[in-house]
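Q: I have a structure here, written as C-alpha cells, and I will follow up with some questions on it.
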C-alpha cells in the first residue's frame, strides 16, 4: 500500500471512531433527564469555551494580534454584554474581523 492509501484509511478509521464515541453519549442519555445541577453547569460551557478562545488568541496565539482582531473582540464583547447571545457574539465578531481584513 502506498502512503496516501494508509493515510486515507487512518483518517477514515479515526473519523468513525470519533463519531462512535460522541454518538454513544447522545444515544445513552437521549431518553433521560439530566439532573438540575448538570443542566446548570452546562449553561456555562459555551461562555467558558469562548473565553478560552479569546484568551488564547490574545495571549498565547501563534499569529500576531493586530488592530482588526482587537476591534473584533471589542465588538463581540459589547454585543455579548448587551444581548447575552453567543451566536450573535460570534456573528458580530467575525463580521467585524472579516470586514476590517477586507478593507486592508
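The values are calculated or read from the model by the stated rules, or taken from the named source; none is laboratory data. Quick caveat: nothing in here was measured; it's all calculated off a predicted structure. When we count neighbours, we look across all protein chains shown, and the Cβ atoms used for this are built from the backbone with ideal geometry, even at glycine.
Q: Give 65, 14 a once-over and let me know the one that is within 30 Å of residue 96 (Cα to Cα) and either surrounded by 10 or more Cβ atoms within 10 Å (Cβ to Cβ) or not assigned by TED's automatic domain parsing to the domain that holds residue 103 (or both).
A: Just one listed residue meets the conditions, 65.
Q: Also, quick follow-up: Listed residues 49, 38, 54, 45; which is modelled with pLDDT under 85 and closer than 24 Å to residue 86 by Cβ?
A: 54
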